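Report on the structure given below.
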Amino acid sequence: MSILSPTLVAAAERVLDAHREAGTRVAVAESCTGGLVSAALTEIAGSSDVFVAGYVTYANEAKVRMLGVDPVLIELHGAVSQEVARAMAEGALMRSSADVAVAITGVAGPGGGSADKPVGTVWFARASSRADTQAELKHFDPAASRAAIRVQAALEALSLLFP
């Protein structure tokens, strides 16, 4: 029995199967999801043949120390930004032997939001050894619970991991 939602585990299983078939490996850099994507991937037995590393870099200092995010990016743009999401994904890719890495940084709430970055604002980035880093912004329902926003963000991150 899994403590994670069946939807999250099923999405993780599809990602692992696709990467097994492609012969590629993945890494994850997480902030607002707090390891939820890594947990979903490792919920499936045998995931170690695809999943290389998960970095939970909740604090800004961890983003800098563990992923090599330039602190100037955080100072100029904030942790919840395209620039930091891209740097997180690229750092996870460079620090692991993965072929693809995804990063998530956002405001899960219920507090912590601002006029510019309200609750539900989440930046994602996908770095790959074969393509330029891509970033995208999602706005999840700010009235949703913290748990709901985190699960939605984890599902989106998993969708970005497809080869």
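The values are calculated or read from the model by the stated rules, or taken from the named source; none is laboratory data. All values derive from a computational prediction rather than experimental measurement. Cβ coordinates were reconstructed from backbone atoms using ideal geometry, including for glycine residues, and neighbour counts include every protein chain displayed.
Between A79, A39, A92, A87, which is closer than 27 Å to R14 by Cα and in contact (Cβ under 8 Å) with a residue 40 or more places away in the chain?
A92 is the lone residue from the list that is closer than 27 Å to R14 by Cα and in contact (Cβ under 8 Å) with a residue 40 or more places away in the chain.
Whether any residue in region 73-81 is among the hydroxyl-bearing types (S, T, Y) and at pLDDT below 95 is what I want to check.
The answer is no, given that none of the residues of region 73-81 is among the hydroxyl-bearing types (S, T, Y) and at pLDDT below 95.
Listed residues S145, S128, S97, S81; which is under 13 Å from S31 (Cβ atoms) and not hydrophobic (A, V, I, L, M, F, W, C)? Steps first, please.
On the way: S145 fails: under 13 Å from S31 (Cβ atoms); S128 fails: under 13 Å from S31 (Cβ atoms); S97 fails: under 13 Å from S31 (Cβ atoms).
After ruling out the rest, the residue left standing is S81.
For residues that are of a type in the set (G, A, S) and touching a residue at least 12 places away in the same chain (Cβ under 8 Å), scanning just region 47-64, find the one that is farthest from P6 (Cα to Cα).
That would be A53.
Being part of a helix (DSSP H, G or I) and under 28 Å from A11 (Cβ atoms) is the filter here, so list the residues in region 42-62 that pass it.
Across region 42-62, the qualifying residues are T42, S47, S48, D49, A62.
Given the conditions (1) part of a loop (DSSP other than H, G, I, E, B); (2) surrounded by fewer than 18 Cβ atoms within 10 Å (Cβ to Cβ), and given that A148 satisfies all but one, which numbered condition is not satisfied?
(1)
Suppose we filter R126, R86, R65 for residues that are under 12 Å from the mean Cα position of the chain (by Cα) and part of a helix (DSSP H, G or I); which single one remains?
Unique residue meeting the criteria: R86.
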